[in-house]
Structure formats: C-alpha cells, structure tokens
1. For region 51-93, what are the residues that are among the acidic types (Asp, Glu) and in a strand (DSSP E or B)?
2. Taking ASP159 as the residue in question, decide whether it is at pLDDT below 95, farther than 30 Å from ASN84 by Cβ and among the acidic types (Asp, Glu).
3. Within region 165-183, can you find the residues that are open to solvent by less than 40 Å² (accessible area, probe 1.4 Å) and assigned to a loop (DSSP other than H, G, I, E, B)?
4. Looking at region 99-116, is at least one residue touching an Asp or Glu at 6+ places or on another chain (Cβ under 8 Å), open to solvent by 80 Å² or more (accessible area, probe 1.4 Å) and either within 24 Å of ILE57 (Cα to Cα) or among the basic types (Lys, Arg) (or both)?
5. Here is a list of conditions, (1) farther than 30 Å from ASN85 by Cβ; (2) out of contact with any Phe, Trp or Tyr (no Cβ under 6 Å at 6 or more places or on another chain); (3) assigned to a strand (DSSP E or B); (4) not basic (Lys, Arg), and GLY146 meets all of them except one; can you say which number that is?
6. Scan region 94-111 and give yes if some residue there is among the polar types (S, T, N, Q), part of a strand (DSSP E or B) and in contact (Cβ under 8 Å) with a residue 60 or more places away in the chain, otherwise no.
7. Can you name the residue in region 184-215 that is among the acidic types (Asp, Glu) and in a loop (DSSP other than H, G, I, E, B) and, of all such residues, is modelled with the highest pLDDT?
8. Please pick out the residue among LEU184, LEU201 that is on the phi < 0 side of the Ramachandran plot and either under 21 Å from the mean Cα position of the chain (by Cα) or acidic (Asp, Glu) (or both).
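The values are calculated or read from the model by the stated rules, or taken from the named source; none is laboratory data. Treat the numbers as computed from the prediction; the structure is a model and nothing was measured. Reconstructed Cβ throughout: ideal geometry from the backbone, glycine too, with neighbour counts over all protein chains shown. Only protein heavy atoms, including side chains, enter the accessible area calculation; ligands, DNA and RNA are left aside. Shrake-Rupley method; radii C 1.70, N 1.55, O 1.52, S 1.80 Å.
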Amino acid sequence: MRYFIFLFVFALSSIANAQDTNSSWWESYNKKNTETPVTPKNSRSFFATKFQVGLNIDMLTGDAGEGFDPGIGYNLGISEDFWNNGPVGFETGLYYTQYNMSFGTGDDHNFKVKMHYLEWQLMMNPRLFIDDCALELNLGLGIDLGFSAPVKYKSEDLDYDLFVGTKKKKAQLKDSSGSLLYGLTFRWSDGYLRMLCHDGLTNISNVDSSEKAYLWNFEFSIGYIF
C-alpha cells in the first residue's frame, strides 16, 4: 500500500513539474514572438525627399554658341522620388543652376556672364538594388527658366543682360530652354552621387534665326535622401 501511495505522489509531482516546464516554455515563446519587430535602420519608404548640391561644366553648342567658352557653375535643389523602394522610380524636382561662361571675338574673350536658371526636372529612374546600395539610370526632361544673365568685362559690371538686352541692343539669348536629361546615380544608404547630362533641345539664340545655340551642361552632384 505504501508503495502505491509513493508511486501516486511521484506521478503527481512529475505532472506538475511538466506543466511548469511547459508553461515556462510557452510564456518564453509568446514573449519572444510578440516583441515589436525592429525596423531596419536603412529601410526604404515609398516616397523620398532628396536634397543635392553639385558642380556643372557649362557650354553653348551650335553655330551661335561658337564665341562662348566653357565654364564651371553650380547647382542645388530638392526633389521628390515616387516609388523610391521599387525597381523604377519617378522623380520630380526644382533646382537652381548657375551657368558661368566667357565669350568674345578674336583674342578678346574677357566678357564674363553668369546665367541664373530655375530648372524643373521630371525623370524616370530604373534601378538595381544590392543590399543598401543601388545603381540608377536617370532619363527625363528639364525645363530651364532664366531670370538674369548679367555681363562683366574684365571684372567691370556692364549695363547689359543677355536675356534682356537694352533699348539699342537686342537680347542675345532667350530666357527659357528645354533639355534632355540622362545620366547615372549611385545610391548608398541615405546618400547618393549623380552624374547627369543636360542636353539642350530648344534653340535659345535670339539674334539670327539662321544660327542656333543650345544650352548644355554636365553635372556632378552629391545628395541626401530623407
């Protein structure tokens, strides 16, 4: 009889211990699987805002641009990238761009002009993701609206603007231009490097209809993705 009582007590103890073990395991499992998942540091959202600054090589091409020498300008702006986390993004933005060039005739190319533009861009960006990095092809159109192009001669300010002209002298250039955009962007985490060509499509010469001039620049920019 004592043997059966001892066996009964041992069985109850084993069942209770098993229940405690199972309860602890279940509680641990539930705790582990109900924890709030950690959001990756560099997770990509559907929308992304980009801010960039850069340098550009500027020139005028075409017959009417032969007297102009290439120069170095700069750009800065902000854009919005739609479908930033997908294989194809659509980007639109507004940029300020300054074109710096010299011009003249013969050996006298001491005229300097700073052409100030606001540019609206619309681009399609097919891209390939590799971990936190991406290689992006940029294809699109740009519309440049010029608001001033003051001229200097040997650092002396002249009362002449290439977009405005004077009462006696016609403006030499039109103040708007359309361009084809194409280039490459390398993205990493929250930053990017961009090489983009602005290839003028519309004639901006305002002097002789038989001669044409096209605005052209090649930019090297660095940006941050918010």
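1. ASP58, ASP69, GLU80, ASP81, GLU91
2. Criteria met by ASP159.
3. Those that are open to solvent by less than 40 Å² (accessible area, probe 1.4 Å) and assigned to a loop (DSSP other than H, G, I, E, B): GLY165, ALA171.
4. The answer is no, given that none of the residues of region 99-116 is touching an Asp or Glu at 6+ places or on another chain (Cβ under 8 Å), open to solvent by 80 Å² or more (accessible area, probe 1.4 Å) and either within 24 Å of ILE57 (Cα to Cα) or among the basic types (Lys, Arg) (or both).
5. It is condition (2) that GLY146 fails.
6. Going residue by residue through region 94-111, those that are among the polar types (S, T, N, Q) are 97-98, 100, 102, 105, 110.
Filter once more, keeping what is part of a strand (DSSP E or B): 97-98, 100, 102, 105, 110.
Then keep just the ones that are in contact (Cβ under 8 Å) with a residue 60 or more places away in the chain; that gives 97.
Checked against the condition, which is being among the polar types (S, T, N, Q), part of a strand (DSSP E or B) and in contact (Cβ under 8 Å) with a residue 60 or more places away in the chain, region 94-111 yields at least one hit.
7. The qualifying residue modelled with the highest pLDDT is ASP190.
8. LEU184
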